[in-house]
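FYI, it's all coordinate maths here, none of it is from the lab. Since the structure is predicted, the reported quantities are computational estimates derived from the model, not experimental observations. Note: ideal-geometry Cβ built from the backbone for every residue, glycine included; neighbour counts use all protein chains shown.
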Amino acid sequence: MKIKTEMEFQDYLDSELIWRKQEISEIMALLNFSQLSESTTLRISIPMFYAHLEGFTKNICNALTIYLNHQKYKYSELSCSISSLLLKRKFKNLDVSKKNSSFLELNNFVRDGSAVIKFPKNSFLSYSNLTWEIFNDIMVTLGFEINEINIYKINSQKINSLVKLRNDISHGKRIPIDKERCIEFKNLIVECMDLLKGHFENYLKNELFLEKNRVTI
């Protein structure tokens, strides 16, 4: 995947959202036309809804890092929040090191800041379940504004409920699900994906990944 320009990133966002919304609509249509029992169809829908939220979030974060790599920014140019992700990867063994020289290397690297960034592949894929806590950590790492994060925080309990329900179903538990709850989760996923798309568009348009564009309060 090559994403070198803002337009290519926008096209990727659009295509990711379009096919996911289409599949979610098809899943909902099964409730009315499937030959399967309604309870079975409802149980099938939950892991699919979750998969779209996790997949959309991971893929657009990955697309962002690919885009940033092509811009060849220096560490010193990136915002503190997103550069912390790179530092964590680069010095991942630092927390177990007892050598002062290891911390000296980190200090010199940060002070210099002239190295060109290089996000490793799948920088945001270091988790297994997209719980609210993980989702929030991703938003904070990107440097999203508090008011943006709070929009998602309203649904934090629903997001965690979806994750738990998905895990229970995936592990073979027979969990009853009513149609109203299924529709509620479907609306949650679509709303979160729409919000993410808008926030990432604003993030890229205003280059909020750069320290010079961050608003200091």
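Data for the structure
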item	result
Across 21/121; 2/121; 21/173; 90/118; 88/118; 158/179, pairs whose alpha-carbon gap is larger than 21 Å	21/121; 21/173
Highest-first arrangement of 108-121, 18-31, 185-198, where packing means the average Cβ count within 10 Å	185-198, 18-31, 108-121
Karplus (6.51, -1.76, 1.60) ³J(HN,Hα), θ = phi - 60°, over segment 42-59, in Hz, Gly and Pro reported as x	5, 5, 5, 5, 4, x, 5, 4, 4, 4, 6, 5, 5, x, 5, 4, 4, 5
Segment 1-70 versus segment 110-155: alpha-carbon centroid distance in Å	19 Å
Residues whose placed amide H lies under 5 Å from that of residue 78, excluding near-sequence neighbours	211
The chain - convex hull of alpha carbons, volume per residue in Å³	139 Å³
Top of 131, 41, 65 by mean-square fluctuation, Gaussian network on the chain, Cα under 10 Å	41
Prolate/oblate/rounded label for segment 141-217 (Cα gyration tensor, a/c 1.5)	prolate
Integer Hz, Karplus 6.51/-1.76/1.60 couplings in order for segment 174-181, x for Gly and Pro	8, 9, x, 9, 8, 5, 4, 5
Cβ-based net charge around residue 136, under 12 Å, with every Lys or Arg adding one and every Asp or Glu removing one	-2
Taking the chain and dividing mean pair separation by its residue count, relative contact order in percent (alpha carbons under 8 Å, at least six apart)	34 percent
GNM flexibility winner over the chain from 181, 43, 166 (Cα, springs under 10 Å)	181
From phi via Karplus (6.51, -1.76, 1.60), per-residue ³J(HN,Hα) for segment 109-120 in Hz, x at Gly/Pro	5, 5, 5, 6, x, 8, 5, 7, 5, 8, 5, x
